[in-house]
1. Going down the list 185/228; 332/384; 100/168; 95/270; 232/462, which pairs span over 32 Å between their C-alpha atoms?
2. Once the dipole of the range 170-280 is set up with Lys and Arg at +1 and Asp and Glu at -1 on Cβ about the Cα centre, which of 207, 259, 189 lies farthest towards its positive end?
3. What's the local net charge at residue 263, with K and R +1, D and E -1, over the other residues with C-beta under 12 Å away?
4. Does the range 355-468 classify as rounded, prolate or oblate by the C-alpha gyration tensor (a ≥ b ≥ c root eigenvalues; a/c under 1.5 gives rounded; else a/b over b/c gives prolate, otherwise oblate)?
5. So which cysteines of the chain have no other cysteine's Cβ under 4.7 Å from theirs?
6. Taking the Cα centre of the range 355-468 as the origin, how large is its charge dipole in debye, to the nearest 20, when only Lys and Arg (+1) and Asp and Glu (-1) carry charge on their Cβ atoms?
7. Enumerate the lysines that residue 265 could reach by cross-link, defined here as Cα to Cα under 20 Å, with residues fewer than 8 away along the same chain left out.
8. Which values of log₁₀ I(q)/I(0), to two decimal places, follow from the Debye formula for the range 170-280 at q = 0.11, 0.16, 0.17, 0.23 Å⁻¹ with a uniform point scatterer at every Cα?
Amino acid sequence: MSKKFDVVVIGGGPGGYIAAIRAAQLGFSTACIDEWNNDKGGPAPGGTCTNVGCIPSKALLQSSEHYEHAGHAFAEHGIEVKGLGLNLGQMLSRKDTVVKQNNDGILYLFKKNKVTFFHGRGSFAKAAAGGYEIKVTGAAEETVIGKQIIIATGSNARALPGAAFDEKLILSNSGALAIDGVPKKLGVIGAGVIGLEMGSVWRRLGAEVTVLEALPVFLGAIDEQIAKEAHKLFTKQGLSIQLGIKIGAITANSKDVTVEYVDDKGNAQKTVFDKLIVSIGRIPNTTGLNAEGIGLKLDERGFVAVDGDCKTNLPDVWAIGDVVRGPMLAHKAEEEGVAVAERIAGQHGHVNFNTIPWVIYTSPEIAWVGKTEQQLKAEGVAYKVGTFPFLANGRARALGNTAGMVKFVADARSDEILGVHIVGPMASELISEAVVAMEFRASAEDIARICHAHPSLSEATKEAALAVDKRSLNF
Ligand code: FAD
Ligand code: NAI
């Protein structure tokens, strides 16, 4: 006999597991099916984010930053480190422990919230009376029936044609997080979020890193001024970033990879790397769902087609997170998960796409929310700008971390904040104030008039807001 649930969630990443918890909180009998295996074949819920994404990358970014500081920054503070060494095995195993803590945390949360977890692959078998029959295969083999189905199957790394990931020499994000010896020469294709974060990790640990990017501009989607500053800082750190290249043949032999490409001046180039990370974006994961069999509509790029409320073309079937349109971010997936569970309960769940923050966890970090200057120009919106450099912030000086700035763009007439862009220390934390402000449709003056603790990095935010009205106090 099939087990029956009000809500069945397929996929246990940040979108799926949060949707399941919220549905259970709302009183629905809820199941979540996830196929991710840990190294012992056991369940490892949390999806890309927990297993090979947000969490392990941030663990390695932290460890590698400590290593770099111990080698290069401590001396300025009067701390002498003799005999500094790298135990990469320990660093990777710490990262694995952090991942496992998160996997276990999600299993605990399922128990606490009475979400029934199935470890295996979920696929649509057929429409059943009052819902859908979902076949679970893998560690658990059974059939469950859900009145409402939430698809949260996430995404996978996109490979370059003719250069499949072997995770030994040609690495996706999974392999890039588990290199067992620091490569002497590391190639990275794609100067996007993963390329910059993982390139930074391995550069700090001693690799000579070359990043090859197709676009002629660096981080073309972010605010131009911030991108220029970041490019300058990363180049100074030793990342070699080559823009406007066209990748040709990629040939792996038993110990290295040769990448042929045409550079921005039209010259043919050939470089041999010890390892190559390919980070050129991600593709939605719909394999195994039996989308075609059940009549689930995909869009022209292979994403599950949804409307603004995450409804698919099938009644009572929803889809959220990386497998649908919009930014591929864990917090976007989570917000959609909560909103869908609430819509199923007849509530008015809502995701404000205008206030989703982005963060690149390099050093310095880059974070932004809302519109860039170039977007506002293109839209013909009249705006004012205020910037404040961390160089003039007391806390940043005390930290020894003065690179970068905070930048506000506000409506020229109403002063409403339209975007905030930060490159600098703890930008990931600072951006929250901007998100709150924009969610409440605050003006730059609102932030400028709020008392900020001294000395704190957040004073740079206040000062940038003051600068919108040309009245910075400390610059
Ligand atoms: P996923 O996390 O991909 O989860 C989908 C789950 O569904 C997986 O466990 C998968 O195995 C399972 N699944 C798929 N098909 C089936 C099926 N048929 N049956 C059962 N289970 C199935 N985002 C951030 O916001 N911040 C970051 O710092 C960040 N860092 C990242 C770093 C890296 C290296 C990468 C690759 C991504 C990063 N992201 C980050 C993006 C983030 O990981 C994704 O946006 C997020 O994981 C999407 O969540 P999701 O729930 O939609 O999908
Ligand atoms: P991305 O979209 O961030 O960057 C891909 C880059 O590769 C782009 O600059 C693109 O122009 C370039 N590119 C594409 N094809 C190319 C080619 N043939 N040759 C050379 N360059 C090429 O994608 P990325 O870095 O793979 O990350 C995927 C997604 O994962 C991100 O968009 C983001 O949504 C998410 N992510 C988020 C993180 C965070 O929030 N901190 C961290 C890591 C990933």
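1. From the list (185/228; 332/384; 100/168; 95/270; 232/462), the Cα-Cα distance tops 32 Å for 95/270.
2. 207
3. So the surrounding residues net to 0.
4. The shape class here is prolate.
5. Isolated Cys, the chain: 32, 310, 451.
6. The calculation lands at about 220 debye.
7. 246
8. Treating every Cα as an identical point scatterer, log10 I(q)/I(0) equals -0.32, -0.68, -0.77, -1.36.
The values are calculated or read from the model by the stated rules, or taken from the named source; none is laboratory data. Here the structure is a predicted model, which is why all the values come from computation and not from measurement. Neighbour counts are summed over all protein chains in view; Cβ atoms, including those assigned to glycine, are modelled from backbone coordinates with ideal geometry. Just the protein is used for accessible areas: all its heavy atoms, side chains included, with ligands, DNA and RNA removed. Shrake-Rupley method; radii C 1.70, N 1.55, O 1.52, S 1.80 Å.
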